[in-house]
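This report refers to the structure that appears directly beneath it.
The values are calculated or read from the model by the stated rules, or taken from the named source; none is laboratory data. Since the model is a prediction, treat every value here as computed from it, not as a measurement. Because the Cβ atoms are built from the backbone with ideal geometry, glycine has one as well, and the counts that use them run over all protein chains shown. Just so you know, the surface numbers come from the protein's heavy atoms only, side chains and all, with ligands and any DNA or RNA stripped out. Shrake-Rupley method; radii C 1.70, N 1.55, O 1.52, S 1.80 Å.
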Amino acid sequence: MVVPSRVLLLALLFLVASATLVHAKGKTPAPEEEGDEGDELVAEKGGKKQLEVGEVTYDARSLMINGKRKLFFSGSIHYPRSTVEMWPDLLKKAKLGGLNVIETYVFWNLHEPVKGQFNFEGNADVVKFIRLVQEHKMYVTLRVGPFIQAEWNHGGLPYWLREEPDIIFRSDNPSYKHHMEAFVTKIIAMMKHEKLFAPQGGPIILAQIENEYTHVQLAYKELGNSYVQWAANMALSQNAGVPWIMCKQKDAPDPVINTCNGRHCGDTFTGPNKPHKPTLWTENWTAQYRVFGDPPSQRSAEDIAFSVARFFSKDGTLTNYYMYHGGTNFGRTSAIFTTTRYYDEAPLDEYGLQREPKWGHLKDLHRALNLCKKPLFAGTPGARFYERPGTDICVAFLANNHSTIETTVNWRGQEYFLPPHSISILPDCKTVVFNSQQIVSQHNARNFVRPKAANKFNWEMFSEPIPTTVQIPVNQKSPQELYHLLKDATDYGWFTSSLDLGPYDLPMKESIRPVLRIPSLGHAMSVFVNGEYVGTEHGSHAEKGFVFERPVTFKQGVNYISLLCMTVGLPDSGAYMEHRYAGPRTVTVLGLNTGTIDLSQNGWGHRVGLNGENLQVFTKKGAQKFQWTKAAGKGRALTWYKTNFEAPEGKDPVAIRMAGMGKGMIWVNGKSIGRHWMSFLSPLGEPTQSEYHIPRAFIKPGQNFLVVLEEQEADPKDIEILTVNRDTICAISTEMHPPHVKSWERKGGELKTVGPVSGASAQLTCPNLKKIVGVDFASFGTPEGMCGAYKPGKCDSPATRTVVEEHCLGQTLCTVPVDPKLFFKADPCPDIKIKTLAIQVTCAF
């Protein structure tokens, strides 16, 4: 609709503005070569394409490789959050999605879990990962940190660092700086030795030191300011040969580049702190990570696309999606209260499957922006555009910033429809090839399928012994601090004490019972009295501490109190992390005839880990050391369960649904897939995470050994092994949608069509070369709902299903034009001016 001029003020016309481009070394930079994608490749002598590498420089306009300007579309994929076997597929999908850079942290506590002992094997093989990125013809941003946050245990810092004398993390502290520099030097030296920096022929074009330090800098006062200077100078002294960056660091010392993190850096970034630095976006959050107790959270593909288009219209030349693939926090690698699943709503979900329309819509955006490269870099900025005078080189970004009102704007004599909160990209200042709000790419829905053969369980169990002061004698007057006791070797620590009660200590009335009260700094605790389970209490990500308070049954004589105190990951953010604490603060008994008794100084025994843990009951060899019985009904709190399951057929990813369970850990063939926590419900009354990823690499043909540690009273009968697919695909398109962006290319400096350009259409492509075997839903008119849950609206063409079947059945990919003539002989609802086509199909082999 056309809106009055006063409303047009809400429809902002965002067009690119920039300054004259000057190369950092005084040379004249070469503009990006024409073409719409793949320009990061150059031809090798033998005709084989390879990644263009060499000198990396920058100026106010962009980063440059060998003096050549580029647009960079980057995605975060963290190598330890998937298996080595998954890496090639993830990188292939990232490349197909239009990325040309992969961003990853380096995980200090993964690589140096014990001081001086290093691990670069398996999915810790960062060199192998970086080489694979180059094989897939993409660059790398290496975020060395070594503090990384990343919702990773302890923010990537190894636990042993906490116990170094007089250390203060992330400050101008001699001990911390010594260890930080030693690790950074080791990593940079390793990258140099492997020739992985771009000037050496490798893919690394940027390196990052520190991480969002602004958040804590003020807490350290002058020691924070001097630390920033030291960290930058230390990084520069490594002579890596590529630019260094500091994210969210306004005072990043020159020549280190300050970059933006956030959802809308096109609006929130105050810009580079020096006029000769480029505008870079290191974290564009594709969703929100979750902690146990959280409800679902999402970020739409439309909003991400809007923010990226806006950023590139405001001098941005690099955006990084955090995360592009989130993956899995295997074992105990997640930070405090963080779920095992990480950024599942990213363009590639936890299992590595393409989440549509996010993956496809962003791919289309990248292609559209690549069509704009020549005018972006070669054009002169005008009031509303980039244009080279006297030529057809021009680009415009038309934006409607209003969140609810659509509009039509007149640009250079032509009217353009703009949905609410949208940007249209015109690579030639005339033709709309992409609108951020109008999704042309397909949608899909994730399916969990229960294979029968994999779910023939024979559960067996044994209960973890509950120790007392007999097994764990008193060794300290008061309870130890939990972090110091466990040293991050396990989640579990036993605290034991005893209380001797005479006949006159116990209440005489049956209505009165003693109460055990234990304030704790976190994170969770199960309490046993005389070997009997009393209950469990826990904190949350927002409030780590809690108070355990339950009535207990004491007997005359000696009573044994056993506390199983638990961590759920170490903190990963904030100032003075080395001064965080956990575990019980005081222990008191209320309601005795003799009054309240304080047991805090009563004498306590301590033991690290569970018996089953220490003897590796989660392995077949370790399991033989225990006496197992058939599981029947609810088991006692703190029970181990084991069974075997048949490997699911096919190649689809595998998950385990922990229905009926409480809290604990899961192992498959001796490998931990992480913590489960079904009993911590979100405000919506559901577990934050119910399905847990079992990588195919953990599964072997035939029988597989499954072990579950369950901390609470539970019954494993409802646990399910599932396969995962996204074989339900959908398309939804209106008559107002633009043609697909792949209808255009840039050749000879001009925007040209690729074959005949039709109008709006619905396009469907099955994954993994499967074929469309059924049309589940088809409606042209006013369909409602979303992929997986469509329903017809008041206006509906009965011919739609037939039309779709004719175009799509038996095909791997198909296109259905959004043409009313296909669906109506006579329009039954002419009052609906803009009609919608919605399709849902099933793919299979």
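For Lys177, give me every one of the aspartates and glutamates with a C-alpha distance below 17 angstrom, ignoring sequence neighbours fewer than eight places off in its own chain.
Straight-distance partners of Lys177: Glu112, Glu163, Glu164, Asp166, Glu210, Glu222, Glu578.
From Cα pairs below 8 angstrom and at least 6 apart in sequence, can you work out the relative contact order of region 93-251, rounded to a whole percent?
24 percent
Which of the residue pairs Lys128/Lys620; Lys93/Lys700; Lys48/Lys93; Lys625/Lys651; Lys250/Lys314; Lys70/Lys92 have a Cα-Cα distance greater than 23 Å in the structure shown?
Among Lys128/Lys620; Lys93/Lys700; Lys48/Lys93; Lys625/Lys651; Lys250/Lys314; Lys70/Lys92, the Cα-Cα distance tops 23 Å for Lys128/Lys620; Lys93/Lys700; Lys625/Lys651.
Which of rounded, prolate, oblate describes region 701-750, given a ≥ b ≥ c as roots of the alpha-carbon gyration tensor eigenvalues and a/c under 1.5 marking rounded, otherwise prolate only if a/b is larger than b/c?
Verdict is prolate for region 701-750.
For the chain, with the dipole built from +1 on Lys and Arg beta-carbon atoms and -1 on Asp and Glu ones, taken about the Cα centre, which of Thr588, Val291, Met180 lies farthest toward the positive end?
In the chain, that residue is Met180.
May I ask you to give the percent of accessible area on the chain that is carbon plus sulfur, with a probe radius of 1.4 Å?
Answer for the chain: carbon and sulfur cover 52 percent of the accessible area.
Quick one: Cα centre-to-centre distance for region 74-135 and region 238-262, in angstrom?
When both Cα centres are located, 22 Å separates them.
Efficiency by 1/(1 + (r/R0)^6): what FRET value for Glu222 and Arg585, r their Cβ-Cβ distance, R0 = 35 Å, to the nearest 0.05?
Approximately 0.55, to the nearest 0.05.
Using Cα positions and a limit of under 18 Å, work out the aspartates and glutamates in reach of Lys274, with same-chain residues fewer than 8 apart set aside.
Asp59, Asp251, Asp254, Asp315
In whole angstrom, note down how far apart the Cα centers of region 714-743 and region 519-554 are.
Cα centres, region 714-743 to region 519-554: 41 Å.
Taking 7 Å along the Cα-to-C-beta vector as the label spot, tell me the Gln117-Met508 distance in nanometres, rounded to one decimal.
The answer from the label model is 6.1 nm.
Report relative contact order for region 684-779 in percent, whole number only (criteria: Cα-Cα under 8 Å, sequence separation at least 6).
22 percent
To the nearest 20 debye, what is the magnitude of the charge dipole of the chain about its Cα centre, counting +1 on the Cβ of each Lys and Arg and -1 on the Cβ of each Asp and Glu?
1020 debye
Which of the aspartates and glutamates could a cross-linker span from Lys630 if the Cα-Cα distance has to be under 17 Å and same-chain partners fewer than 8 positions apart are dropped?
Excluding near neighbours in sequence, the set is Glu460, Glu464, Glu710, Glu713, Asp715, Asp718.
Which order, highest average first, do 470-476, 114-120, 251-257, 561-567 follow once you tally other Cβ atoms within 10 Å for each residue and take the mean per peptide?
561-567, 251-257, 470-476, 114-120
Suppose each label sits 7 Å from its Cα in the direction of the beta carbon; what would the Ala697-Val515 distance come out to in nanometres?
5.2 nm
For region 559-624, which chymotrypsin sites (Phe, Trp or Tyr not before Pro) are in a loop by DSSP, counting at most 13 other Cβ atoms within 10 Å?
Within region 559-624, the qualifying chymotrypsin sites (Phe, Trp or Tyr not before Pro) (loop, at most 13 other Cβ atoms within 10 Å) are Tyr576, Tyr581.
Do me a favour and compute the ellipsoid semi-axes for the chain from its Cα gyration tensor, root of five times each eigenvalue, largest one first, whole Å.
So the three semi-axes of the chain are 52, 34, 25 Å.
Counting helices only, and only those DSSP H runs with n ≥ 4, report the 222 nm mean residue ellipticity of the chain as the sum of -39,500 (n - 2.57) divided by its residues, in deg cm²/dmol to the nearest 500.
Only helices count here, giving -4000 deg cm²/dmol.
Kindly report the accessible area of the chain per residue (heavy atoms of protein chains, probe 1.4 Å, no ligands, DNA or RNA), in Å².
Per residue, the chain has an accessible area of 39 Å².
In whole percent, what relative contact order does region 698-845 give with Cα contacts below 8 Å and a gap of six or more residues?
32 percent
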